Amino acid sequence: MKRLGWLWIPLVLLVIVLAAGWWLSQRHRQVLISPEDPAIAATLKDPGVIAKGRYLATAGDCVSCHTARGGEPYAGGRMLPTPFGGIPAPNITPDRDTGIGQWAFNDFWRAMHEGIGRNGEPLYPAFSYTSFTKVTRDDAIAIFAYLRSLPIVHQPNASLALRFPYNVRSTLTAWRAVYFKAGVYQADPSQSVSWNRGAYLVQGLGHCNECHAARGAWGGLNADTALSGGRIPEQDWYAPDLSTQANGGLQGWSRQDIIDVLKNGQASKGAAIGPMADVVAHSTQHLHDDDLQAIADYLLSLPARAAPKAVSASFDSKPLADRGSSIYVERCADCHGKDGAGVPGVYPPLDGNASVTEPTGINATRVVLLGGFPSVTAGNPRPYSMPPYAQQLSDADVAAVVTYIRQAWSNRASAVQERDVATYRHTPID
Amino acid sequence: MSTRLRWVLPFAGLLGCAVAHADQPTVPNTLQQRIAACTTCHGVHGEGSSGSGFFPRLAGKPAGYLVSQMQNFQHGLRNYAPMEYTVRLLTPDYMHEIAEYFSAQQVPYERKPVPNLAPSSLQRGEQLVTAGDPSRKIPPCQACHGKQLTGTEPSVPGLVGLPYDYISSQLGSWRTGTRASAVPDCMAEIANRLAPVDITAVSAWLASRDVPADTHPQPAGSIAPPLRCGVLQTSGGGT
């Protein structure tokens, strides 16, 4: 009995921690109506500012996360899947009870710039404040003005579906210390105006790096791997490296290719697929030409990458690729060509295509399984589509044909195995 | 036609140049070629998958119905992952064009296999289709889907020539909420009033029925829906 006497210490500590947590959470609940700075209040009503904000909100693709499937735009409700659980995107229409109707600009600024919620709580970085912190105050005012001009939708926010301990917001304090540094984009005077605009859009509102970089164990991004490609957790697509230089994911892409894929969804070097097709449809196709050129200028300057380590084949993939070769001739060559060159503007090439040769094989596998349409854009309103092969090819056949296209022509990527195909066959599509 | 041709010709010219290039494939500039993602499962003319296949016939169904189904998949009212993925990025214009294409197709129906059921079960199926079951407040299918069960313009689909597996799984989906339509969702109500054996009976009877000579949907406005239906109200069909 006596030996167990010390047990009360951790128990008491636990009670103290829980009580502190409860007190903090209650403190966060105190909702006050924030008074608006009169100068900003006038700006928020300016139609020119609202129009600018609408364009910027489109550039940031806010609507994609803040709209549930089939729901009212910006009324929230979409559950964003993360390895730690689901995080619902909130209602950002100007409803007083469930949206941002009682917010003042400074509340919005703190969220965008510092990742701090209206009640002082740290926000989960599923809201990409890690990128949005680079947005200027003037641009943030315009976006806020636009959001405040939206039709009011009363839609209560869904609750967090994070697992313990990730559902304890205070764990974010440590995360922020490691992975987050607040700061508006600082122009590089040695670069052109266009380059700086591109960098601002890519690193800030465009929040490209949130997908196009590998995340660590705690879901954070390291500055030194910016835009070098990464697997999108839960959604299971691979967002390729964006360097156009030696060993880059977009090696050999021209300025026009970058502009084409963002504007039309398709370029001579490849097409936007998976989540990027959505980004093109909702966001980049609406960008002005000078902004698209600016983005291209910036991406073209991303440095060359280290040569990939030789693929250490754990098994001899030649028989698999040989089998894939005959499936390719039978199923794929009619459209993509025996030489994998595709048909310009119609069917993307597979030779040298970043989505085919990305490190994981996820993209090629899922495209073979799902087929489908590329983005439907003003520049490509009736795109050609690809048949889904999930119903026609076995896991082994898909592994074979994907291995073949990843190793044919100039492609030198790793093989894909049957068990990988089995996994991706059942990946949720939303 | 001539104006259309004027648009197509320059592209056809471009295509000609493309063809001259090495062994590049020739790509017909047709909608049929563009919608390979649809026709792989539903057939080039929307005839549905052959054999006992699950994929439903699209040919000849009212275009309004086909558009609203694509929208329902986009909005998550109907759940079937391959369809949800395929249509997710389609614009209203493109969806209309695709729907018009399938709606205009006239292809022969193929008889699908039907499970062997007792005559009493098939009789029950026929009764539900033609007379309904007033004791359970189930209206006859014919009341909306047409006297000949070929559908009603612009938004009620025909039920003839559909595979047993497809019909029974749709009725099941309405009960489990993986298929829904605009509220008030009258088909969900009806599916929930059916007993499980009724679903088998009605699906089998419908799938075993001969297809009438004229498979065109009934004209719009030719039905008086027995229930309030969101689909019929929004599209102005049936009333």
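Overview of values
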{"item": "Stokes-Einstein translational diffusion, the range A:271-334 - Kirkwood Rh over all Cα pairs, 1.002 mPa s, 20 °C, in µm²/s", "result": "131 µm²/s"}
{"item": "Solvent-accessible area of B:Ser208 with every protein chain in place, 1.4 Å probe, in Å² to the nearest 10", "result": "40 Å²"}
{"item": "Two-decimal Rg/Rh across the range A:174-273, once Rg and the Kirkwood Rh are taken from alpha-carbon atoms", "result": "0.98"}
{"item": "Mean separation of Cα contacts under 8 Å (6+ apart) over length of chain A, as relative contact order %", "result": "12 percent"}
{"item": "Translational diffusion of the range A:327-370, µm² s⁻¹ [Kirkwood Rh, Cα pairs; Stokes-Einstein; 4 °C; 1.567 mPa s]", "result": "120 µm²/s"}
{"item": "Proximal charge balance of A:Ala364 [Cβ under 12 Å; K/R count +1, D/E count -1]", "result": "0"}
{"item": "Relative contact order (percent, whole number), the range B:35-235, Cα cutoff 8 Å, 6+ residue spacing", "result": "26 percent"}
{"item": "Accessible-area value, A:Trp409, 1.4 Å probe, nucleic acids and ligands omitted, Å²", "result": "60 Å²"}
{"item": "Angle between chain B longest axis and helix B:63-75 axis [Cα atoms, degrees, rounded to 10]", "result": "90 degrees"}
{"item": "Span-like helix ranges in chain A, DSSP H, alpha carbon extent 20 angstrom or more, Kyte mean at least -1.0", "result": "A:8-29"}
{"item": "For the range B:52-162, with +1 on Lys and Arg beta carbons and -1 on Asp and Glu, the positive-most of B:Gly146, B:Ala131, B:Ala81 along the dipole", "result": "B:Ala131"}
{"item": "Debye intensity ratio I(q)/I(0), log10, the protein assembly as shown, q values 0.09, 0.10 Å⁻¹ (C-alpha model)", "result": "-0.91, -1.08"}
{"item": "Amide H partners (placed H, <5 Å) of A:Thr82, local residues excluded", "result": "A:Ile87"}
{"item": "Trypsin sites (Lys or Arg not before Pro) within the range A:286-345: DSSP coil, no more than 10 neighbouring Cβ in 10 Å", "result": "A:Lys309"}
{"item": "Positive-pole candidate from A:Phe108, A:His154, A:His66, dipole of the range A:28-179, charges at beta carbon", "result": "A:His66"}
{"item": "Rh (Kirkwood; distinct C-alpha pairs) - the range A:215-347, Å", "result": "17.1 Å"}
{"item": "The range A:90-142: radius of gyration and largest Cα-Cα distance (Dmax), Å", "result": "10.7, 29"}
{"item": "Kirkwood-based Rg to Rh ratio, chain B, C-alpha trace", "result": "1.03"}
{"item": "Loop-located chymotrypsin sites (Phe, Trp or Tyr not before Pro) in the range A:251-336, at most 12 other Cβ atoms within 10 Å (DSSP)", "result": "A:Phe315"}
{"item": "Tail weight of P(r) past 26 Å, computed on alpha-carbon pairs of the range A:28-179, percent", "result": "22 percent"}
{"item": "Dipole magnitude (debye, nearest 20) for the range A:193-300, charges at Cβ of Lys, Arg, Asp, Glu", "result": "120 debye"}
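The values are calculated or read from the model by the stated rules, or taken from the named source; none is laboratory data. For clarity, every value in this text was computed on a predicted model and none was experimentally measured. As a convention, Cβ positions derive from the backbone with ideal geometry for all residues, glycine included, and neighbour counts pool all protein chains shown. SASA here: full protein model, heavy atoms, side chains in, ligands and nucleic acids out. Shrake-Rupley method; radii C 1.70, N 1.55, O 1.52, S 1.80 Å.
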